[in-house]
1. Tell me the GluC sites (Glu not before Pro) within the range A:109-177 that lie in a loop according to DSSP and have at most 10 other beta-carbon atoms within 10 Å.
2. Which of A:Ser295, A:Trp363, A:Gln256 sits closest to the plus end of the dipole of the range A:252-376, meaning its Cα is farthest towards the positive end, when Lys and Arg get +1 and Asp and Glu get -1 on the C-beta?
3. Keeping every protein chain present and rolling a 1.4 Å probe, give me the accessible area per residue for chain B in Å².
4. Accessible area per residue of chain A at 1.4 Å probe, in Å²?
5. Using only the Cα atoms of the range B:173-299, what are the Rg and Dmax in Å?
6. Given a 1.4 Å probe, show me the residues in the range B:176-207 buried by at least 10 Å² of accessible surface when comparing the whole protein assembly to the chain alone.
7. Assuming R0 = 30 Å, can you tell me the calculated FRET efficiency for the pair B:Thr71 and B:Asn163, based on Cβ-Cβ distance, to the nearest 0.05?
8. For the range A:244-370, give the magnitude of the charge dipole about the Cα centre (Cβ charges: +1 Lys/Arg, -1 Asp/Glu; no others), in debye to the nearest 20.
Amino acid sequence: MSEATALSRPEARSAGHALELRGLSKRYGSFTAVENVSLRVESGEFLTLLGPSGSGKTTILMMIAGFTTPSEGGILLDGQDITGLPPEKRDFGMVFQGYALFPHMSVAENVAFPLRVRAMGKAEREAKVRAALDLVQLDRFAERKPSQLSGGQQQRVALARALVFDPALLLLDEPLSALDKKLRAELQEELKALHRRVGRTFVNVTHDQEEALSLSDHIAILNHGKLVQMGGPTALYEAPRTRFVADFLGKSNFLQGTVRELAPGGMALQAGGTRLVQAAGAGPRPAIGAPALLSLRPEKIALLGESDAAENMVSGEIAAWAYLGAGFSLAVRTADLGEIRVALPAWKAPIAPAEGLPVRLGWSADAAVPVLEDEGAA
Amino acid sequence: MSMSGSAAAPALSAATPAPSLPRFRNAGWWGLILPAFLLMTVFYLAPILQVLLISFTEPRPGLDNYERLFTSMGVQNVIETTLRICIITTAVSLALGYALSYVVALASPRAQRWWLLAVLVPLWISVLVRSFAWVTLLRRQGLVNEGLMGLGVIDEPLRLVWNEFGIVVGMVHYMVPYAVLPILASMREIDPRLLAAARGLGASRFTAFRRVFLPLSAPGLVAAGVLVFIFSLGFYITPAILGGGKTLMAAEWIKLQILDLIRWGLGTMLATVLVVAILVTLAIFSRVVNLKRLFGGGA
Ligand SMILES: Nc1ncnc2c1ncn2[C@@H]1O[C@H](COP(=O)(O)OP(=O)(O)OP(=O)(O)O)[C@@H](O)[C@H]1O
Ligand SMILES: [Mg+2]
């Protein structure tokens, strides 16, 4: 149908708007919920704000939406300052945590609400509502009340309602957190496909790192109200800047050592009796003799056989292990590097894990990345 | 009263935990309320039935008393006055109650407690005391008239009491808390995020109120309306004191017929009409709203 195509222009990247936050802060009394956050979302991009509970994600989203007034800083849409604009004037679609569907209205009425308050004519309104419900595959449920829908269906109504009026921006506050794991994965895919189809700028909030990795063009990682690092999913996962980012996005081992040698392409570290070779990271080059911290992902460590060799090798014994279906998770106790977590594919695994089993671990010089200790951490 | 009856029933059935042996369990619970039931029947239902009976038998058997409903100007006047005062009282109480509830519902939790106290305290003061307080405020040399004259707003004292106006003032004052409670209850059930959502979707403050808040608080409004209207139908003390015997409402008229004029038949007839009117009102509104929720049973 024609309206459906109007909502889902394939070339629709241009339908989105660029959002910029400049030095945004929010203080509640003496408590700083958000501190000096600056970031930019390009038109048509999917940005995820990721951070632990209380890191200020919702507060930032509420400031973007206009429900919370920033203590400092500004919000710009396509270069125009919208900091003082009331929420209803911003023209942003928003999906609240828990969806906030109007319980006294049917699905169709819920979706029609933003059009009705814009005084759109009946015929046009109905066509748009139908198109929006088609988009989220809920056309059959138009006459139902929200209470008669499953969680996933409610979530899709909320999406349709937020998209039906061609918003400049779509804001999502933990849109999937109320759903069970399987449904969440399903709707993640749908959300991603939807984003591609409508081509609008999406700003999503979550504390689920998998969701962030799978959905986003860019991820902004927040901690204690501050923006710690922002970048594409791969960049963040492969090159975390700090210990916090490495730890929060995926799992990571942290290896502590002292810099012994520096070469153009890398360095050598001493950790107890073990010598580690490490490719240079993006961060500042450390000085010889300075302490260094490496982040090493569990899946980048290999179990070495008798005759195998790797740039970095350490031996230890299995302290604990768990079978996870697709793989094993091993905790290997080593003398110099403490306990190291290893992810081992279960299919044709070279060993049958057992507690106390001696193993040798190996990884290449570019497997780990140097990271910084967190600010304020001891 | 019927209130406590219907509030108790759902609470009890909700407390019945196991689906096994439902009969036995239910019998147990019913056994518990049997004494109360008997008490109600003997001391409450029986007199009502007797009133009903008298209205058909005094002064002689037949429908004579009820014929007066259509023939007697006096009876019609009383009914008309009663209805008018009740409707005005209900409307004003709902408007004030709604505004008050709105303020309370949007206040901070701390402020809410103080507001609620302020709303409920009048309920603990005798209606007699309150009625006389209004008389002293509203009479010719009362605070209101003196104040207005002192300010030069009026030259002569206004007739604020011993008429319908005075009755309505007194009744509204009594009824507002009863309006606030169900309205506030339904407002508190409204998820504040719904209002934020409405505004985020483009609704102005007022539109969000009209399209989301008002419809969602409507059940409380209807409940409050029924409650206040039914209460006002049987009001006696306030109209008696603030009406000064000039404006007669049903209850006072019944008392007049029975105690002063010893016309039992006529008095009980109107009493019966009153009871029937209340039951009919309840029946109509039970179709509109869930009465259990209205009287606090709730899901
Ligand atoms: N109205 C408020 N008054 C005082 N403090 C507040 C207020 N709103 C939020 N905060 C505080 O600001 C901090 C950030 O809150 P926010 O809701 O943004 O966290 P979040 O990242 O969304 O967390 P979650 O994942 O748990 O939703 C929290 O410590 C919170 O207690
Ligand atoms: Mg939040």
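The values are calculated or read from the model by the stated rules, or taken from the named source; none is laboratory data. Everything numeric in this text was worked out from a predicted model, so none of it was measured. When we count neighbours, we look across all protein chains shown, and the Cβ atoms used for this are built from the backbone with ideal geometry, even at glycine. These area figures cover heavy atoms from the full protein model, side chains too; ligands, DNA and RNA do not enter into them. Shrake-Rupley method; radii C 1.70, N 1.55, O 1.52, S 1.80 Å.
1. Details: sites: A:Glu109, A:Glu124, A:Glu126, A:Glu143; in loops: A:Glu143.
Sites meeting the loop and neighbour criteria: A:Glu143.
2. Of the options given, the answer is A:Trp363.
3. Working: 16820 Å² over 299 residues.
Accessible area per residue: 56 Å².
4. On the way: 16940 Å² over 378 residues.
Solvent-accessible surface per residue comes out at 45 Å².
5. 19.9, 67
6. Correct list: B:Arg193, B:Leu194, B:Ala196, B:Ala197, B:Ala198, B:Arg199, B:Gly200, B:Leu201, B:Gly202, B:Ala203, B:Ser204, B:Thr207.
7. On the way: r = 27 Å, r/R0 = 0.91.
The pair B:Thr71/B:Asn163 has a calculated efficiency of 0.65.
8. Working: 10 positive and 11 negative charges, 40 e Å.
For this selection, approximately 200 debye.
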